[in-house]
Amino acid sequence: DTAVSQTPKYLVTQMGNDKSIKCEQNLGHDTMYWYKQDSKKFLKIMFSYNNKELIINETVPNRFSPKSPDKAHLNLHINSLELGDSAVYFCASSYPGGNTGELFFGEGSRLTVL
Amino acid sequence: AQSVTQPDIHITVSEGASLELRCNYSYGATPYLFWYVQSPGQGLQLLLKYFSGDTLVQGIKGFEAEFKRSQSSFNLRKPSVHWSDAAEYFCAVGRSGSARQLTFGSGTQLTVLP
């Protein structure tokens, strides 16, 4: 069983389109995250949710909107896609409170904007 | 603000050789330090972490790391590298051990020669 699963794994789309990436975790964690990894492998946090409540919202364009229907799911919707949005997006989760410091990552969703 | 520097973008070693990956951090208080590994096409996996106590910490897959406060370093080591260790390695620093506050370095790509 995959602990943190993301769909789709690959996404190729045109500029201006809207797309979504879904994430589900079956670890019973209450905190979930979206990270963006750029072409230089630099990993930066975008959002974090704790029990469906947004707790971290880094400087991310308003075109990015996370949604957490329940604590096991955190989806990412992106409007009006731009070339610079091309990246690998990782979903992650952590133990209650996140105090162990350990993140459990999904396999990533590679988004290519043409 | 906390930051992490991994000075080596790419390291190549022969199978069976020893390995040391460098990590330097900047943080105003006692840091919480982590090493994660990313295999090709996969998400990141925690190798080891340092919160307090013994400055030499053991991790999974035979890795260890040593915290040196005087040098602001947390270098990762392995006595004998296996071909399966080829991956991207990320150092991260956090606040209070919280996964919510992790800052990642830019990664070091490890190539293992047969």
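What follows is calculated from the coordinates using simple rules that are stated; it is not laboratory data. Predicted model only: the values in this text are computed from it and were never measured. Neighbour counts run over all protein chains shown; Cβ positions are idealised from the backbone, glycine included.
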Read phi for every residue in segment A:6-13 and hand back ³J(HN,Hα) as whole Hz from Karplus 6.51 cos²θ - 1.76 cosθ + 1.60, θ = phi - 60°, with x for Gly and Pro.
10, 9, x, 7, 10, 8, 10, 8
Taking 25 °C and 0.890 mPa s as the conditions, I'd like the Stokes-Einstein D for segment A:49-114 in µm²/s, using the Kirkwood hydrodynamic radius from alpha carbon pairs.
184
Please list the non-local residues whose amide H lies under 5 Å from the amide H of A:Asn17, H modeled 1.01 Å from N, same-chain partners needing a gap of 5 or more.
A:Leu81
Say each of B:Gln109 and B:Ala17 gets a label point 7 Å from the Cα, pointing the same way as Cα to Cβ; how far apart are those two points in nm?
1.7
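Return the subset of A:Lys9/B:Lys49; A:Lys41/B:Lys61; A:Lys22/A:Lys44; A:Lys44/A:Lys67; A:Lys44/A:Lys71; A:Lys36/B:Lys68 for which the Cα-Cα distance in this structure is over 27 Å, preserving the input order. Could you put the intermediate results ahead of the total?
Details: A:Lys9/B:Lys49 29 Å; A:Lys41/B:Lys61 23 Å; A:Lys22/A:Lys44 18 Å; A:Lys44/A:Lys67 19 Å; A:Lys44/A:Lys71 22 Å; A:Lys36/B:Lys68 30 Å.
Pairs exceeding 27 Å: A:Lys9/B:Lys49; A:Lys36/B:Lys68.
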Given the protein assembly as shown, what percent of its DSSP beta bridges are antiparallel, to the nearest 5?
90
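Might you report the magnitude of the Cβ-based charge dipole of segment B:36-107 about its Cα centre, with Lys and Arg at +1 and Asp and Glu at -1, to the nearest 20 debye?
Details: 8 positive and 5 negative charges, 44 e Å.
The dipole magnitude comes to about 220 debye.
Hey, any idea what Rg/Rh is for the protein assembly as shown, computing Rh the Kirkwood way over Cα pairs? Before the final figure, lay out each step's value.
Details: Rg = 17.6 Å, Rh = 18.1 Å.
Ratio of gyration radius to Kirkwood radius: 0.97.
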Interchain or long-range residues, amide H under 5 Å from B:Ala87's placed H:
B:Leu110
Among A:Gly106, A:Gly28, A:Asn50 the positive-end extreme of the charge dipole of chain A (Cβ point charges):
A:Gly106
Placing +1 at every Lys and Arg Cβ and -1 at every Asp and Glu Cβ, with all other atoms neutral, what dipole size does chain A have around its Cα centre, in debye to the nearest 20?
260
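State the dimensionless ratio Rg/Rh of segment A:1-90 (Rg: radius of gyration of Cα atoms; Rh: Kirkwood radius). Let's see the in-between values first.
Working: Rg = 12.8 Å, Rh = 13.5 Å.
My calculation puts Rg/Rh at 0.95.
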One would report the Cα pair-distance distribution of segment B:2-68, bin width 5 Å, in %, as 3, 13, 22, 28, 21, 9, 3, 0
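What is the antiparallel percent of DSSP beta bridges lying wholly in chain A, to the nearest 5?
Numbers: 36 of 40 bridges.
Expressed as a percentage, antiparallel bridges in chain A total about 90.
Taking the highest mean first, how do the peptides A:30-40, A:50-60, B:61-71 order by number of other beta carbon atoms within 10 angstrom per residue? Let's see the in-between values first.
On the way: A:30-40: 20.1, A:50-60: 13.2, B:61-71: 14.7.
The most tightly packed comes first, giving A:30-40, B:61-71, A:50-60.
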Please average, across the residues of B:37-46, the number of beta carbons from any other chain that are within 10 Å of each residue's own beta carbon, and give a whole number.
5
Calculate log10 I(q)/I(0) of chain B for q = 0.12 Å⁻¹, where I(q) comes from the Debye formula with a single equal point scatterer on each Cα and nothing for solvent.
-0.37
